[in-house]
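What follows is one structure encoded as structure tokens, with my remarks underneath.
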Amino acid sequence: FPIITLVMFLINPFLKININSYDIVIFLFVFHIFVISYIGYTNQELLINPIELLKRSASNLNNIDTDELKMRLFDIMNNDKIFLDKELTLNILSKKLNITTHQLSEYLNHQRKESFNDFINSYRVDHAKELLLRSENSIYTLEGISSNSGFKSLATFHRNFKKQTGTSPLKWLDEETQSH
């Protein structure tokens, strides 16, 4: 705006147009309102959610094939059963996937809509449910089932089991055995 005003003042003597500074300011003001309105109309997402656009432009996933990442993650979780490692961290999993911790965290948070811990613990709870349903595992305590599912503590196991299923492991097992 100031640069255009300066240019108008500099070229005004050569144009030999009788324009005073007030007219130039009004013209430039109206012109800029028109330009801003046009940009807003043609790029409505800029005005609707500029923070989301900034996040997208600053994404760590721009150079990552998320479909391939999804398949590799599925493979590591289901075939390698890496979630059974009690010492599993975001850093360890990201190294196995050959991506940065930031990329893995962003993928889980934005693509899957869950945190790293929720993601890993959902696999652990599903594994615990499988163990609980097998009759040969009836000799194990809940602590043994939780430990064999990758949980470090029984309290963490209980909390995550209830978060995922809405009930305790024993109540869940009782309901499952009654329904079959």
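The values are calculated or read from the model by the stated rules, or taken from the named source; none is laboratory data. Quick caveat: nothing in here was measured; it's all calculated off a predicted structure. Methodologically, a virtual Cβ is constructed for each residue, glycine included, from the backbone with ideal geometry; neighbour enumeration extends over all protein chains shown. Note: accessible area is taken over every heavy atom of the protein model, side chains too, but ligands, DNA and RNA are not part of it. Shrake-Rupley method; radii C 1.70, N 1.55, O 1.52, S 1.80 Å.
Restricting the first member to the stretch 136-148 and to residues that are under 15 Å from Asp126 (Cα atoms), and the second to residues that are open to solvent by less than 70 Å² (accessible area, probe 1.4 Å) and among the aromatic types (Phe, Trp, Tyr), the beta-carbon pairs closer than 7 Å and six or more apart or on different chains are Ser146/Phe157.
From the list Leu10, Leu69, which residue is modelled with pLDDT under 95, more than 29 Å from Gly150 (Cα to Cα) and in a helix (DSSP H, G or I)? So the residue among Leu10, Leu69 that is modelled with pLDDT under 95, more than 29 Å from Gly150 (Cα to Cα) and in a helix (DSSP H, G or I) is Leu10. Taken over the stretch 129-151, the criterion of being touching a helix residue (DSSP H, G or I) at 6+ places or on another chain (Cβ under 8 Å), modelled with pLDDT under 90 and polar (S, T, N, Q) is satisfied by Asn137 alone.
Counting just the residues of the stretch 75-102 that are part of a loop (DSSP other than H, G, I, E, B) and in contact (Cβ under 8 Å) with a residue 60 or more places away in the chain, which one comes out surrounded by the most Cβ atoms within 10 Å (Cβ to Cβ)? If we take residues in the stretch 75-102 being part of a loop (DSSP other than H, G, I, E, B) and in contact (Cβ under 8 Å) with a residue 60 or more places away in the chain, then Leu88 is surrounded by the most Cβ atoms within 10 Å (Cβ to Cβ).
Listed by first and then second residue, the pairs linking a residue in the stretch 110-132 that is surrounded by 14 or more Cβ atoms within 10 Å (Cβ to Cβ) to a residue that is part of a helix (DSSP H, G or I) and of a type in the set (Phe, Trp, Tyr), with Cβ atoms under 6 Å apart and 6 or more places separating them unless they lie on different chains, are Ile120/Phe83; Tyr123/Phe83; Arg124/Phe83; Val125/Phe161. Of all residue pairs spaced 6 or more apart or on separate chains, those with beta-carbon atoms under 9 Å, a first member in the stretch 165-178 that is part of a loop (DSSP other than H, G, I, E, B) and a second member that is open to solvent by 60 Å² or more (accessible area, probe 1.4 Å) are Thr167/Glu175; Ser168/His158; Ser168/Lys162. Please work out which residue is nearest to Asn78 (Cα to Cα), limiting yourself to the stretch 142-165 and to residues that are open to solvent by 60 Å² or more (accessible area, probe 1.4 Å) and out of contact with any Leu (no Cβ under 9 Å at 6 or more places or on another chain). By that ranking, first place goes to Gln164.
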